[in-house]
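Colleague: Have a look at this one.
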Amino acid sequence: MSGSVVDNTVSSGNSSAAIPTDISGQILDLDEDDDLEVFSKDTTLTDGSSLNASMQTSSASMINQYKFEEEEEDADTKDIFVTVDNPESHVTAIETYITYRVETKTTRSEFDSSEFEVRRRYQDFLWLKGRLEEAHPTLIVHPLPEKFVMKGMVERFNEDFIETRRSALHKFLNKIAEHPIFSSSEDFKIFLTAGSGELTSHKKQGPGFLSRMGETVKAVAAAVRGVRSRPQEFTDMQEYVEAFSQKISSIDKVTQRIVREQKEYLEELKECGPTYALWSQSEEELAEPLKNVAGCVDKCCKETDEQVKHLNDHLIPVLHEYVLCADTLKAVLRRRDNIQADFEAKTEALATKKADRDAMRDELDKTEDRLEWANNALKSDWTRWQKGMRTDLRSAFIDTAERNVSYYEKVRCFLINIHFVSLLCC
């Protein structure tokens, strides 16, 4: 289903930067002893100025003074906008599944219209991701949410699960739309514009089962052989990814544990308010102070509930997204190594065989070109990924820090009131 809409003139622009010479110092440094810094009266700021008692030193003010080192991409440079919303449940005789509305607005000339609306299910997103990885093995495709239900999710199609998946699918498509190569892919265009029947027909045009099996066998063989002389820059990338994966996974697990503990604390706290309220009914002289305590506890419950919701909705999804990103990066680096291993194997074969040397040399030249393209593509995409990762994590961490400051300032006021009322009771 498609329709027309008045075009909004948008300019397009994409850029890529070269990979840094040294990336070892750019890993998120989150060791146990270095994850917190304490500001004292004599602290020296990064610009050389000193922090003294006369300066505004509240946590909130310091967060508000934080400036991004990298400017976010101007929305005016985009020429394709994608929205994933309006999930619908479908029940058939053999399965139950969810479809999502995918709306696209664009000014690109290769599209027949400026606006499209289609419905897609998770399997369609999975197909798109696979096609992009197949066509561009060393470019970084943003991860999809897991296909299966995460541990602790009681109902597969409950509202929280559907909304979490919708949000992740929305981000996946927008990452593709922002990519200078993926956004021009014919598969991406078909995903955004084709009707259900046309998309199904297009899916059948992909490589057959035997072809895919052959590629898998070649990849396994290349992985077994390994590479003899991986360029140092890709070794550095691999070490970076391993360290990043370990750190982001640890933060993800700790954050989820904190949320679980806060939920348990909240359930216990909810029992306190009614207890104080009931107590006030049997203590006439303490009735008013006890009611005030009950009111303060109820306010603490409300703030804690909002705090838990914020962590669930804003921090945990970003952390888990980059846990998946780390797995994607490992797969990309493996595919690059497989291409190099294939090139090295063909180089050895050419050196040992005398027959059909011309044909083998032509094949070797093609493999060498493929390796060069794969290396350059990965180096360029690596820089884009790092910039996006730092922007996403920085935004999530600062947003969470601001929310934490607000939460603890409010809770502290409530606790002071409770303490004051307790003194009155004595």
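The values are calculated or read from the model by the stated rules, or taken from the named source; none is laboratory data. Source: prediction; values computed, not measured. Here the Cβ is made from the backbone with ideal geometry for all residues, glycine too, and neighbour counts use every protein chain on show. In case anyone asks, the SASA skips ligands and DNA or RNA and just uses the protein heavy atoms, side chains included. Shrake-Rupley method; radii C 1.70, N 1.55, O 1.52, S 1.80 Å.
Colleague: If you stretched the chain out fully between Tyr408 and Arg357, how much longer would it get, using 0.36 nm times the residue separation minus the C-alpha to C-alpha distance?
Modeller: 11.0 nm
Colleague: Solvent-accessible area per residue for the range 231-425 at a 1.4 Å probe radius, Å²?
Modeller: With the other protein chains kept in place, the range 231-425 gives 55 Å² per residue.
Colleague: What percentage of the solvent-accessible surface of the range 269-426, computed with a 1.4 Å probe over protein heavy atoms, is contributed by carbon and sulfur atoms?
Modeller: Summing carbon and sulfur atoms, their accessible area is 54 percent of the total for the range 269-426.
Colleague: Another question about this same structure. Residues with beta-carbon under 11 Å from that of Leu199, excluding Leu199: net charge, scoring Lys, Arg +1 and Asp, Glu -1?
Modeller: +2
Colleague: Could you tell me which of the pairs Lys263/Lys387; Lys129/Lys330; Lys78/Lys387; Lys346/Lys379 are separated by over 22 angstrom between their Cα atoms in the structure shown?
Modeller: Exceeds cut-off: Lys263/Lys387; Lys346/Lys379.
Colleague: Give the shape of the range 231-425 as rounded, prolate or oblate, defined through the alpha-carbon gyration tensor: a ≥ b ≥ c are the square roots of its eigenvalues, a/c under 1.5 means rounded, and otherwise the shape is prolate if a/b is larger than b/c and oblate if not.
Modeller: prolate
Colleague: Need the list of lysines near Lys353 for cross-linking: C-alpha distance under 30 angstrom, and skip anything on the same chain fewer than eight residues off.
Modeller: The qualifying lysines are Lys218, Lys366.
Colleague: Where does the charge balance sit around Glu261 when Lys and Arg score +1, Asp and Glu -1, over other residues with C-beta under 13 Å from its C-beta?
Modeller: Here the count lands on +1.
Colleague: Taking the Cα-to-Cβ direction at Asp392 and at Gln281 and moving 7 Å from each Cα, how far apart do the two end points lie in nm?
Modeller: 5.2 nm
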